[in-house]
Structure formats: C-alpha cells, structure tokens
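Sharing a structure, written as structure tokens. Questions coming.
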Amino acid sequence: MKNIIKKKANVFIKTYGCSANQADSLYMKRRLEEAGYEISNYENSDVVIINSCTVKNNAETKLFRALRNAKESKKKVIAAGCVVDAEKGLVNDNRLKDVSIIGTRNLDDIVRSVDEIIAGKRTVFWNGTKKDFHKLNYNMFNKTISIVPIAEGCLGNCSYCKTKQARGVLQSYPKKDIICQIETFLREGAKEIWLTSQDLANYGFDIRESFIELMKDIDELNGEFWVRLGMSNPNHLLRIVDDFNEVIADSKHFFRFLHIPVQSGSDMVLKMMNRGYSANDFLTLFKRIKNKIPAVSLATDVIVGFPHETEEDFKKSVELIKEIKPDVINISRFWARPGTRAATMEQLKPEVGIERAKILKDVFNEIVKDRNKDWVGWKGKALIDEKGKLKTMKARNLWYKQLIIPNEDIEKKLRIVSDESIGHWINVEIVGVSGYSLIARII
Ligand code: SF4
C-alpha cells in the first residue's frame, strides 16, 4: 500500500531496453512514490533518472546524450541500468562527475540517491549484490499489464554480451515471492502478466527450484488472466521441453507464445558466440514444441554480421528462418561491445551487417505476410491491453497475436470511451492485415 508522506520533488524516469529494465523502472517508481516523490514528465522534473540498456548499439552514446540534455536543462541527473553496471570505468569517468550512479543490484538505494542529489550530493550506489528479493513490489506497466521478474542474471557466457557483465550470474527469486507478487497484481486488477529474466528456462538452478513447478503453480492460480513468457535460451529449454510442453498445452493461463533466440543458423557462428547449442538443437526444440502445440507463436532473435560470419553462414540463418517461419523476429546487426570477447575478434565491414540485416528482414516480411493471412477470419477471445496509434486500441489473443481495433468500434460496441477499455475481455473476428498486425472487429 502506498504511504505518501508529502510531495518532495518531481522525478522523471527514462527507460531504455527490455522488460527487465522496465521492471526496474517500475520498482524505482514505486519506491520513490512511497517516499513522497512525484513521478512526472520530463519538463516538470527536478531529477532525471536515465535507466540505460546495453543491448542495442551505441548504448553509451545514447546515455551520454540523454545526460547532456538533462544537465543543459539544469536538472539533477542519476544514471542507472545496465550501461553503468557493465562499464565499470564509468563510475570514475570525468563526464559523470556530477551525475549520481545507481547499479541494477542497488535499486533499494534509489530513495537515498534522489534525497542526496536534491541536497546537492553526488552518490554512487554500485556493485551491489542483489535487490531485496523479498520486497518485490512493483508498479503495474498499465492498468492491465504487470511485469514480474523471476530472476536476475543468467548461466550463460556469450562472447558478445554486455548484459551479463551488468546483471551477473543467475539469482533466482524465491518461488513463493513470485507467486505472492502475481497474486498482488491480480488483486490490483492485472489481466496480463509478463514473466521476465535474462533466461526463464534456467530459473531455479541456483536455489533448487524448477521453472516447470513455478509454471504449474502459476497456472493453478484463480482468476481470468494470461501470462506471457519472456526469453528462454534453447539449451536450457531443450532440457525441460517435454514437461514444458505438457504445462503449456493444457494451460489455462499461458499464452501460446514463446521467445527463443536462435541468434544464428550456423554452428560455427554459434560456437564463436559461445551459445552452448547447435542449430540442430534449436530445430529439434522447435519441432518438439510444434508437435505438441501446432499453432504456437514464436519470436526469435538473430544477430547478423558476427565476426567471421561468411556468406555461407548467413545463408544458414536465412534457411533456418525460412524453415521455422517465426511470428516475430528481432534482427540485430553485430556491434562489438567494448570489453567482450567478440570485440577482440576480427570484425566484418559494417556494410556487410547492413546488407544482411536487410536481406533477412525482407525474408521475414514475406513470411509474416503469409502467416498473418492465415489468421483472417479467426474468431475468438482477446484482451484489450494497450493504446494503439491513430485512434486504435491493441488487443492480444491467446497466441499473443497483436490485434488492432479501431476506437470507433470499441465505443460503439462496448459503449465506453476507448481509453477505458484496457483490461476488457472481448470476442473478436480478425478481418484484415496491416503490416505486422491483424485488424479485428468486436463481435
Ligand atoms: S544468456 Fe548470453 S546473451 Fe543472454 S544475458 Fe546471458 S550471457 Fe548475455
């Protein structure tokens, strides 16, 4: 329960990156609100927190640009997130001399950090061991979506990865705390829960818990809600795939949607990436899931232009994508993060990555066009979960397909203002395709 003391100052939080980072921002927001701070827009803020991400290219450049802008507007600034954790030298970097720093495992110090910077004192809370797992207490992403981190860090050691340097070795949260957090969100009105971590499938290794048992316990919770699974790496998921399929196939609550990053279709490249599986392992995993849950939606990630990736290697990635026909693909051009092993390898010319990313995107666009056409005419249940663009709302069906519904249709059929429709369960018919989305009407 919020215990507002009094408004002390306005704080703006800028979040970059994945749902783990978004969850961290929501955690800071809740802590600050409880301490009497107001979370505001940028213009009205006294303090700006920049929660950075190292996954996308030029993360550091983005961080410094945001810091410079905030400082020019005479705002007090706190740098947070994976960039400050992964780039150890930044703590003493002259450019950050009047910027406070807070690491991803020091978020419990956020109120002190803001108190101090308002009083004119720079603080560095960094290199902590973990968040206070027993006080998971996040805000909801919106009226219906809430993000529940189940672990921090991972068991991988991928040669290109900076996130590992920021988030560290796997630290799973106790199962009972996760369940308790979900129950709290459900009481607060959540209908869509996003489970997140760097690799869901390795949940529990460190604390003698099991991801399968966690899923079963979640699925037994009462209420009408759906759960989205975040990223699971192929090697760990393959180990538990039969039990995993059993839970998902008969589940009341889990979206039939998986995010399994393959990264490359070439065994040579996967080895250089130190991913711990082969392209064939990934295909085996994919086929075993497809056999049990034929209509499952799949998201995957591919890095193109990795050091030493030949034309032949790249073709293997293209062939693999053509074979699995994913519903969503995140294509990244390789970019060497300083301090990683991949950065010391012989790099390809940037144009190679640009060209390959374009080819793969074109391949995917054809796939998604075909896959989406198959959905036209489908009728069933969906949940309105976000505001869309241009007078529309977004909804999801059980396969986590994004459905676009015109506000006009919502207002006419549900007789409510479209903004208030978030969290409504509806029955829809898919009537068309627009880019990567499906157009639906309420029936
Ligand atoms: S699994 Fe690999 S890419 Fe993912 S966070 Fe861990 S080291 Fe990084």
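The values are calculated or read from the model by the stated rules, or taken from the named source; none is laboratory data. Given the structure is predicted, the values throughout are model-derived calculations rather than measurements. As a convention, Cβ positions derive from the backbone with ideal geometry for all residues, glycine included, and neighbour counts pool all protein chains shown. When the accessible area is computed, the model is the full protein with side chains, heavy atoms only, and any ligands, DNA or RNA have been set aside. Shrake-Rupley method; radii C 1.70, N 1.55, O 1.52, S 1.80 Å.
Looking at Ile426, Ile404, Ile416, can you tell me which residue is touching a helix residue (DSSP H, G or I) at 6+ places or on another chain (Cβ under 9 Å) and either assigned to a strand (DSSP E or B) or modelled with pLDDT of 95 or more (or both)?
Being touching a helix residue (DSSP H, G or I) at 6+ places or on another chain (Cβ under 9 Å) and either assigned to a strand (DSSP E or B) or modelled with pLDDT of 95 or more (or both) holds for just one of Ile426, Ile404, Ile416, which is Ile426.
Sticking with this one: Can you name the helices (runs of 4 or more DSSP H) wholly within the range 8-94 that have at least 3 residues being modelled with pLDDT of 80 or more and either within 21 Å of Ile147 (Cβ to Cβ) or not assigned by TED's automatic domain parsing to the domain that holds Val114 (or both)?
Output list reads 19-34.
Just for the range 146-182: of the residues that are within 13 Å of the ligand (Cβ to nearest atom) and in a helix (DSSP H, G or I), which one is surrounded by the fewest Cβ atoms within 10 Å (Cβ to Cβ)?
Gln165
Return only the number of the condition from (1) surrounded by fewer than 18 Cβ atoms within 10 Å (Cβ to Cβ); (2) assigned to a helix (DSSP H, G or I); (3) touching a helix residue (DSSP H, G or I) at 6+ places or on another chain (Cβ under 9 Å) that Lys358 does not satisfy.
Only one criterion in (1) surrounded by fewer than 18 Cβ atoms within 10 Å (Cβ to Cβ); (2) assigned to a helix (DSSP H, G or I); (3) touching a helix residue (DSSP H, G or I) at 6+ places or on another chain (Cβ under 9 Å) is unmet by Lys358, namely (3).
For the range 283-315, give me each residue that is open to solvent by less than 10 Å² (accessible area, probe 1.4 Å) and within 14 Å of the ligand (Cβ to nearest atom).
Residues satisfying the conditions are Thr300, Val302, Phe306.
Could you please find all residues in the range 64-100 being touching a Ser or Thr at 6+ places or on another chain (Cβ under 8 Å) and among the polar types (S, T, N, Q)?
The one that is touching a Ser or Thr at 6+ places or on another chain (Cβ under 8 Å) and among the polar types (S, T, N, Q): Ser100.
Filtering the range 183-225 down to residues that are assigned to a helix (DSSP H, G or I) and open to solvent by 60 Å² or more (accessible area, probe 1.4 Å), which residue is farthest from Val241 (Cα to Cα)?
Arg187
Identify all residues within the range 227-242 that are open to solvent by 20 Å² or more (accessible area, probe 1.4 Å) and away from the ligand (no atom under 15 Å from the Cβ); write none if there are none.
Arg228, Ile240, Asp242
Further question on the same structure: Can you go through Ser434, Ser332 and tell me which one is surrounded by 16 or more Cβ atoms within 10 Å (Cβ to Cβ), modelled with pLDDT under 95 and either more than 28 Å from Met140 (Cβ to Cβ) or outside the structural domain of Arg256 (by TED's automatic domain parsing) (or both)?
Matching residue, one of Ser434, Ser332: Ser332.
Next question. Count, please, the residues in the range 370-383 that happen to be surrounded by fewer than 13 Cβ atoms within 10 Å (Cβ to Cβ), closer than 23 Å to Thr300 by Cβ and in contact with a strand residue (DSSP E or B) (Cβ under 7 Å, 6 or more places away or on another chain).
Residues that pass the stated criteria total 1.
(1) within 16 Å of the ligand (Cβ to nearest atom); (2) at pLDDT below 95; (3) within 19 Å of the chain's Cα centre (by Cα): which one isn't true of Phe185, the others all being true?
Looking at each condition in turn, Phe185 falls short on (1).
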